Amino acid sequence: MSNLHHTPTVALAGNPNTGKSTLFNQLTGARVKVANYPGVTVERRTGTCKLPDGSPLRVLDLPGCYSLTARSPEEEVAHNAILGAYDGVKSDLVVVVADASNLTRNLYLTMQLLEYGQPTILALNMMDVAKERGITLDTDALEKELNVPVIPLVATTGEGVNTLLMRMESLLLTPLVSERKPGLSNTDLTRIERILQLLREHKLQASWGHAIWLLTSKPAFAQALPSAVSTELSVEWDSLNTAPQDGPSLSFNRRVIVTRYAQIDALVEQCIRFEPPDTASSTERIDRVLLHPIWGLAIFTATMALVFQLVFTWADPLIGWVEGGLDLANNGLHSILSDGPIRDFLMDGLLAGVGNILVFLPQIVLLFLAIAILEDTGYMARAAFLIDSMMRKVGLHGKAFVPLLSSFACAIPGVMAARTIGSHKSRLVTILIAPLMSCSARLPVYVLVIGAVFATSEPILGVFSVGGLVITAMYFLGLFAALGLAFCLKRTLLREPPPPLVLELPSYKRPLVRSVMVNVFRRAKVFVTQTGPIILALSMILWALMQYPQTHMDPTTREARTIELSKTMSPETAEQIVRSEEDQLNLQYSIAGRAGQFIEPVIEPLGFDWKIGIGLIGSFAAREVLVSTLGQVYGVGSDVETDSIALRERLLADKDPETNAPRFTPLVGLSLMVFFVLAMQCLSTVAIVRRETNSWRWPLFMIVTMNGMAWSGSFITYQVGLLLGG
């Protein structure tokens, strides 16, 4: 492309579930960059491919939307990216990916684009599905009527992609601009022409589409326009709201919509022939079972149980491999480097921070593998339809079930899965309540506490173990707290009526392996490259807070203590115990240790002392860190396991120096578990929420809200327990 002085950009636009992302993956493969658009939580994906002549082409995958009216973040992004409002993403060409089996609805976006005079190609995807449904499209007639190239496609197999690339190359070399005039009344056309003239006089973007958009936008938008244009717009807005109209009594916006669909109906009648098949399609036959009020819910439950098993259990071996690799790296550093602060930093700070990133990868990969398969087969839309009525009772969207369910394994993939929710406020609510699901990181805390204070309790009714009932209660507490918080948010900060579930029920199809793997790889890469640095930095900061300033035993005291212990045990064991006691002393005088003592008055009403306070501070890196932190505090060691008898014995043996009463009672243990159910104690989750919301406002809100709930819940548990004689 010798006459092109820059790398051209083509934008892929289209309704949700038209195969747009599949086409994007076919064109770009894994050559993709992912980021958020400035100021919004909508994801921007850009990739590269080569045109038939070998020249590069940048491909921008716009969020799925039904129109360019800009009434949602997705529509706003699509509108602005197509028209060049975002620096660096202006498109030279727009490819509208339409579902050939449902063309009436899909052509609306195309009609809008043509009103802007934007160089456009209409890609009719899912031609195989249209054929199965008895739909025959006259693409030549459609191309003639629209005056834009029309390319039939089957994106899942790649059929038609090469033809599309050739037409894109041709259109980029010789742009074909066809500005379509809306079929409105003379009165409305005159009004639009006045705005067009003003835009041209002020050298602003001017087309039928621009003028219509300005007339249907909110008046506040006029503040960014020259005063003459904004004044004229204000006059027109007043006229539209007060003056009687010729024709039916419809608003201007409604008249525009009606005339567009009238044009679409005429096109469809002229260019499409429909011959219903003699028998029901495979999609209809499957839907009779999967959407059945009884069998459908049973299959849904089994499917979600399988996904939950996949993420929660099957990831364990993969996590074990990751941890094994980290252990090898740890051992290697231990053998290479001599004892000292550099080795401590590399092993316990840097490598542990890397581990906090990589240990989540298996769950993220498996969750998004399951989601990608369910989406590609067409089942995900059915699942959301089935569960929507139950979720709406607390104001949640039907699509929130997958993020919340996966959060029982880990909140990080759950938060990332909320991307499937179209409503901005519903997506935010889902993100904010996902960490309240009792994730697997809480289990070590439950196991430690139950093993220490409930293991010897008699079974209730001789059958039900107290420990099992306590864990079950913790899971239900997190679930009810999440639903309650969602209910409150939907009626206060994120107020909106329960969003209608507007979704397509696409035809069933086999997942495209390449597309699935590209999506999974992209999600994993985003987590590692964009969220990973935040997790690593926060983990290293917390490590430093628990290490410095350092203090050491007086050499004389240390030697005397070693000699004393050597009388009853081997010198190696005595040395190990003294080293552990020195670590405990160092932790006590570190910044984190002093912070634990500083917050003791705040956590004392919860039944906690400064030692547990240090554990709480450490657990903000990751909940399960509480166990190893308490191991250091009680002199057992930082590599202690949840089933460590030594740590349990130290907890139970800890006495109040004034009353000589046990500090760690069943009531304290219960209060601690309630705190862990409700508290926000995972830096990794905070980092991913920061990325998904594109702001620190909501992560900070989540930290304050959840930790406030945790303190209140723990306070009520402990104080009521004391009143009841606990």
Can you find even one residue in region 427-435 that is at pLDDT below 80, part of a helix (DSSP H, G or I), among the aliphatic types (A, V, I, L, M) and in contact with a helix residue (DSSP H, G or I) (Cβ under 8 Å, 6 or more places away or on another chain)?
no
For residues in region 241-287 being part of a helix (DSSP H, G or I) and more than 26 Å from T110 (Cα to Cα), which is modelled with the highest pLDDT?
I286
Criterion first (loosely packed, with under 15 Cβ neighbours inside 10 Å and either hydrophobic (A, V, I, L, M, F, W, C) or without any contact (Cβ under 8 Å) to a residue 60 or more places away in the chain (or both)) does A141 satisfy it?
yes
Condition broken by G183, with the remaining ones in (1) surrounded by fewer than 20 Cβ atoms within 10 Å (Cβ to Cβ); (2) touching a residue at least 40 places away in the same chain (Cβ under 8 Å); (3) in a helix (DSSP H, G or I); (4) not polar (S, T, N, Q) satisfied:
(3)
Here the residues within region 203-212 that are in a loop (DSSP other than H, G, I, E, B) and surrounded by 13 or more Cβ atoms within 10 Å (Cβ to Cβ) are L204, Q205, A206, S207
Given the conditions (1) surrounded by fewer than 17 Cβ atoms within 10 Å (Cβ to Cβ); (2) touching a residue at least 24 places away in the same chain (Cβ under 8 Å), report the number of the one that Q588 does not fulfil.
(1)
Only one of L113, L124, L109 that is under 21 Å from K20 (Cα atoms), in contact with a Gly (Cβ under 9 Å, 6 or more places away or on another chain) and either among the small types (G, A, S) or not in a helix (DSSP H, G or I) (or both):
L124
Note down all Cβ pairs under 9 Å where the first residue falls in region 682-698 and is over 17 Å from F620 (Cα atoms) and surrounded by 19 or more Cβ atoms within 10 Å (Cβ to Cβ), the second is at pLDDT below 85 and of a type in the set (G, A, S), and they're at least six residues apart or on different chains.
E692/A418
Which count do you get for residues in region 168-179 that are buried (at least 18 other Cβ atoms within 10 Å of the Cβ) and either of a type in the set (S, T, N, Q) or closer than 20 Å to T18 by Cβ (or both)?
1
Breaking point among (1) surrounded by fewer than 17 Cβ atoms within 10 Å (Cβ to Cβ); (2) of a type in the set (S, T, N, Q); (3) in contact (Cβ under 8 Å) with a residue 60 or more places away in the chain, for S712
(3)
Taking region 384-399 and keeping only residues that are under 20 Å from L369 (Cβ atoms) and buried (at least 24 other Cβ atoms within 10 Å of the Cβ), one is left with K399
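I'm trying to understand the selection: among the residues of region 526-556, which are polar (S, T, N, Q), part of a helix (DSSP H, G or I) and at pLDDT 70 or above? Lay out the reasoning, then the answer.
First, pick out the residues of region 526-556 that are polar (S, T, N, Q): 529-531, 539, 547, 550-551, 556.
Now restrict to residues that are part of a helix (DSSP H, G or I): 529-531, 539, 547, 556.
Matches in region 526-556: T529, Q547, T556.
The values are calculated or read from the model by the stated rules, or taken from the named source; none is laboratory data. Computed from a predicted model, the values in this text were never measured in an experiment. Cβ coordinates were reconstructed from backbone atoms using ideal geometry, including for glycine residues, and neighbour counts include every protein chain displayed.
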